[in-house]
Each structure stands twice: as structure tokens, then as C-alpha cells.
Amino acid sequence: MTMNNFTLTFLRHGESLGNLKGFYQGGRDFPLTPRGMDQVRRLISRWQLDGTRFDRVITSPLKRAFDTAEMIGEAFKCRVEVDSAWQERNMGQLTGITRYEAIKKKKKPEFFTPYNNIGETGEGDWALYLRAGRAIQAILDRPPARYLIVSHGGILNQALHVIFGMTPQANGQGTHFRFVNTAFSTIHYAPAQHKWVVWGLNDFTHLAVKDFDLEDVEES
């Protein structure tokens, strides 16, 4: 990367207690589990070995993301900045309940449009897409540098939709960009050409397959 270009690394937090218990987390604060902290340590070791560098770490204020960012910032002696724009989707009445409970209580409709609120009072796909777009714009208003964004599956998925020019579809259809815990996607941006170059998506090669649950590739 030259000083005229940006590198954006989008990282999902390590496994949280909410992930382990199968909750829709949204804005509810859950700490990292011991396995989640180990996932972060493995990622740090990998990045240290391959010479990865960051100029700034930007994180969601939620504990599962913030603690992930703090561990990385300390390891790389890099300043950590909290930005609420990268907080996870407001899940409305789904917040803090399990997927099983959501089905039992009929909290999740069989069909929804991008404009419908999630969990009746939360953020719909279009609202989350717009927030992700504003968050990316705020980074591109800064000087070109290597930015690590530590956040959550839902908003990171929409951030990639923004970059690739893919608008939300009804009933959650269309392309999805999933992030397992501590998976990251790296994208370079050259503002002079308005050119995005994808370097990697959902990279979790620092983990063994047993270190994540395929059930936990949804939002949170």
C-alpha cells in the first residue's frame, strides 16, 4: 500500500458468551469466552508472523468487539478508537433471546422487506446498509492509512454490500458475506481511481475447523 491508498481490514470479534449460548446479541453486551480470547491470540500470532501492520484500530463499543480490539492494539502498539457507528444491528425484540425462542414466540416473520424493522423495533436491512455506508465514508474522509475495523457479523456483512454495490434484498435473499469469529476481510481502496481491490474474504486460516461453529455464522 502506498500513502495515497487505504487498506481496510474488517474483523469480526472473537467468540462471545452470546455466541456460545445461541443468542441474538444485537446491542446487548456479552464478554468474550476463553475460546474467544484464544481465537484473538491465534490471530495476533498469525499477523505478527506474516508482518501485518495497522496504523489505527477502530472498534465497536460493545465489549466483545472492544476487548478483541484492545488485545490487538496492545500487541501491535496501536491506538484503539471507539466508534459507535460500528456497533451491531439493533435487533429490537430479538435482542437477548435465542433463535429457538424467536421461533417459538414468532418474533421473526416468515417474510420481510429491506425496509421492515428487525424484531419489530430494530434496524431493518436498509437502515443497517445506510449506517454501514456512513461508517465507511467516515473512514475515507480520513487520511489514507491501514485501518483495522473490529465489529460484528451483521454490520460487516452490510459494509461489504456497500463496497460491492449490492443493495439489500427482500427476505434476506441475495449475496451474503459471512464472518466466523475472528475472521477478517481485507480490501484496498485507491481514491484517485475509485478502485476497490479485494485481498481476502472471511479469512480464518488461523483457526482449526473445530474452533468455530457453522451455526454461528449469522449476525452478532
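When Ser45, Ser16 are screened for being more than 15 Å from Leu148 (Cα to Cα) and surrounded by 18 or more Cβ atoms within 10 Å (Cβ to Cβ), only Ser16 passes. Restricting Gly96, Gly92, Gly73 to residues that are of a type outside the set (S, T, N, Q) and farther than 17 Å from Asp29 by Cβ narrows the list to Gly73.
Taken over the range 159-183, the criterion of being of a type in the set (Gly, Ala, Ser) and closer than 19 Å to Asn19 by Cα is satisfied by Ala183 alone. Of all residues in the range 123-147, those that are touching a strand residue (DSSP E or B) at 6+ places or on another chain (Cβ under 7 Å) and either outside any helix (DSSP H, G or I) or among the hydroxyl-bearing types (Ser, Thr, Tyr) (or both) total 4. The requirement of being closer than 27 Å to Pro114 by Cβ and part of a loop (DSSP other than H, G, I, E, B) is not satisfied by Val150.
Listed here are the residues, each with its yes/no results for (1) farther than 11 Å from Phe10 by Cβ; (2) open to solvent by 10 Å² or more (accessible area, probe 1.4 Å).
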| residue | (1), (2) |
| --- | --- |
| Ile139 | no, no |
| Leu148 | no, no |
| Ile155 | no, no |
| Pro168 | yes, yes |
| Gln173 | yes, yes |
| Phe177 | no, yes |
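Considering the range 202-220, the residues that are among the aliphatic types (A, V, I, L, M) and open to solvent by less than 80 Å² (accessible area, probe 1.4 Å) include one that is modelled with the highest pLDDT, namely Leu207.
Can you name the residue in the range 66-83 that is open to solvent by 80 Å² or more (accessible area, probe 1.4 Å) and in a helix (DSSP H, G or I) and, of all such residues, is nearest to Ile155 (Cα to Cα)?
First pass over the range 66-83, keeping only residues open to solvent by 80 Å² or more (accessible area, probe 1.4 Å): 70, 74, 77, 79.
Those left that are additionally in a helix (DSSP H, G or I): 70, 74.
Values: Glu70: 20, Glu74: 25 Å.
Once the filter is applied, the top-ranked residue is Glu70.
Checked against (1) among the aliphatic types (A, V, I, L, M); (2) buried (at least 21 other Cβ atoms within 10 Å of the Cβ); (3) assigned to a loop (DSSP other than H, G, I, E, B), Leu8 passes all but a single condition, namely (3).
If you check Lys104, Lys195 for being open to solvent by 60 Å² or more (accessible area, probe 1.4 Å) and at pLDDT below 95, only one passes: Lys104.
Pull up the range 89-101, narrow it to residues that are in a helix (DSSP H, G or I) and open to solvent by 30 Å² or more (accessible area, probe 1.4 Å), then point me to the one that is modelled with the highest pLDDT. The selected residue is Gln93.
The values are calculated or read from the model by the stated rules, or taken from the named source; none is laboratory data. What you are looking at is a predicted structure, and each value in this text was computed from that prediction instead of being measured. Here Cβ is always computed from backbone atoms with ideal geometry, including for glycine, and neighbour counts include all displayed protein chains. What goes into the accessible areas is simple: the full protein's heavy atoms, side chains included, and nothing from ligands, DNA or RNA. Shrake-Rupley method; radii C 1.70, N 1.55, O 1.52, S 1.80 Å.
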